[in-house]
Structures are given as structure tokens and as C-alpha cells.
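To start, the structure itself, in C-alpha cells.
The values are calculated or read from the model by the stated rules, or taken from the named source; none is laboratory data. It should be emphasised that the depicted structure is a prediction, and the values quoted were computed from it without experimental measurement. Here the Cβ positions follow ideal geometry from the backbone for every residue, glycine too, while neighbour counts run over all protein chains shown. These area figures cover heavy atoms from the full protein model, side chains too; ligands, DNA and RNA do not enter into them. Shrake-Rupley method; radii C 1.70, N 1.55, O 1.52, S 1.80 Å.
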Amino acid sequence: MDIFSYLNQHPIVFLSYVGILGLLIGSFLNVVILRLPVMLERQWRQECVAFIGDDGNTTEAATTTAFNLITPRSHCPQCQHQIKAWENIPLFSYLFLRGRCSSCRNPIPLRYPLTELLTGVLSLAVAWHFGPGWQAAAALLLTWPLNTLSIIDIDHPFLPVRPTRPFPWFGLALSLFNIYTDSHSAIIGALLGYLSLWSIFQLFRLLTGKEGMGYGDFNLLALLGAWLGWQHLLAIVLLSSMVGATIGIGMIMLRGHDRSIPIPFGPYLAIAGWITLIWVEDLFQFYLTWMGIK
């Protein structure tokens, strides 16, 4: 009996395992969300120094202090208290510590347990929908980066391109085994996904002299096209527009968001892509029924 057969016979074990794994991954994603933008900024500064030379005013860019996803150890930003293992258990440590640092008692941002909870819930949704198998495993490997990129884009806002470059290739590799789509659809999806947003970007810049979106958005839609096929690109774009309009109107009404401040498009693409991955067939059937076609 292979592992998938065992998990199919014991769905509670499978869901419990994926739920716990999702919480642990969510804890790690907090580190990625916090440190990856800083790592990229340091890398860009170092590349600038290497290109133009150090004029004596770029010591910050040329810093050699180790800073990555492992070093330095996680610590409280207020008192520099190093986080112990028992203080880093997803959700439970936050509840046990009552949302405060064990040393200085300063509040721990609520976003940390929320990110862990969101990652756990999304992971459970994937496991529930696909069940044990390669589709669920691959969907989890797509869900976690989409979650990470969305939060980074909301925070800064910018959508990192370099860390996502392997994922379109991963989607193309999956298409060789028809995991979500065939290779023909995946290749066209990657090309069409990138070129469609790139063309809109160029046209908007030509007409207005402004940049309406970033290159990370092109790469993200290419990624989704490679994973899901060109047939789903229109649904992703339309769904992302609906999600963006709903959230944007809600932010303006509830929080008084300044309409002149641009809202990043990346998170809406990521949300739409994930919904399409999980529920595209259900949404399509609902649309046909609503239109009276079927």
C-alpha cells in the first residue's frame, strides 16, 4: 500500500497532517515576508555599488552583515530577545503569550498569527478539494508562494520577480504529466499570460506616460497560465478585476482609502488564480446555470 492509498483510506489523518503542515509553513512565510524584501534591496544596492563603484557614500549598500532567511535568528524588534522554540509554535505561542513578547511585553503584531491561520486554512481547502495525490501536493506548492507574494505586494508594494522565476517552469513540467493541463495549453498560457499584461502596460504607458503595473504582474500571470493553461486566463483576469473592485470599494468605504494611492494588482491576480485552481469548474457550472444555458 502506497502513501496515497493509505491517506485516501484515512482522510482525517491526511487533513490533520496538511493542516499542521500549513500552520508550520505559515510561520516560515512570516519570516520570508519580513526578510525577502530587505534581502532583495540589499542585493540591488550591492549590484549598484559593483556597477558604478563605491564613492565612499554607499557603505550601507556594501554592508556584509549576514541577513537571510536563516540568519540572524528570529528576535523581538523592540528588545532583541531571541525567540525560543516554545515561543514559535504557530498560533498556540501567540495565544499562550497573550500576544506579547515574553521579555519586554510589547505587543506581537496580529498579522503573524493571521498569516499562519490563513496559510493553514488555504492548505486545508486544497487538501479537502483534491484529496491525497500529486494534484494536492503541487497545489500546496503554488498556494504558499501566492500567499507570500500577495502579502509582500500589499506591504511595500512591489511583486518580486526573481523568486518566482522557477515557478512557470515548474508549471510547464507538471503539464508533461497532465497534472492540471496539457503541455500545449501550458506553453501558450505562459506566453499569452505574460504578453497580454505586457501589451496593456506598454499601451497604458504610451497613452498616459505612467506605468500602470509592474513586471512582477506579467510574471505572475505567466506563472498562472503555465500552471492552468491558456483557457483559464480570461477567467483569472475577469475574476481578479471583480476581486479588486470589491476590495477597493470596501477599502474606500470602510477605511477612507485615498483614491489617488494605487492599489497593487498582484494580490488580486493571486487570489483569482488560486480560486481558479480550486473552483474553476464549479464557478463555470454556476455561470452556465445562472445564464440559463444548462
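Here are some notes:
- About the centre of its Cα atoms, the chain shows a dipole size close to 600 debye [charges on the beta carbon of Lys, Arg (+1) and Asp, Glu (-1) only; nearest 20 debye].
- Kirkwood-type radius of the chain, with distances r between different C-alpha atoms, in Å: 21.4 Å
- Calculated [θ] (222 nm, deg cm²/dmol) that DSSP helices of n ≥ 4 give over the chain, each run adding -39,500 (n - 2.57): -22500 deg cm²/dmol
- In a reduced charge model with +1 at each Lys and Arg Cβ and -1 at each Asp and Glu Cβ, the stretch 123-221 shows a dipole moment near 160 debye about its Cα centre.
- Residues 217, 282, 155, ordered by accessible area of protein heavy atoms at a 1.4 angstrom probe radius and largest first, appear as 282, 155, 217.
- Once the Cα-Cα distance is subtracted from the 0.36 nm per residue extended length, the residue 103 to residue 158 segment shows a gain of 16.4 nm.
- All distinct Cα pairs of the stretch 106-158 go into the 1/r average, and the inverse of that average, the Kirkwood radius, is 12.2 Å.
- Residue 169 paired with residue 247, simple spin-label distance in nm, labels 7 Å along Cα-to-beta-carbon: 2.9 nm
- Largest-first principal axis extents of the Cα set of the stretch 121-188 (Å): 37, 30, 14
- Treating each Cα of the stretch 50-164 as an identical point scatterer and summing with the Debye formula, the log10 of I(q)/I(0) at q = 0.10 Å⁻¹ comes to -0.49.
- Most to least packed among 172-181, 200-209, 94-103 [average Cβ atoms within 10 Å]: 172-181, 94-103, 200-209
- Considering only 280, 49, 18, the Gaussian network model of the chain with Cα springs below 10 Å gives its largest mean-square fluctuation to 49.
- A dipole drawn for the chain from +1 and -1 charges on Cβ atoms has a positive end, and of 128, 268, 89 the residue lying farthest that way is 89.
- Among 104-110, 185-191, sorting by the average number of other beta carbon atoms lying within 10 angstrom of each residue, highest first, gives 185-191, 104-110.
- The packing ranking, built from the mean of other Cβ atoms within 10 Å per residue, places the peptides 223-231, 111-119 in the order 223-231, 111-119, highest first.
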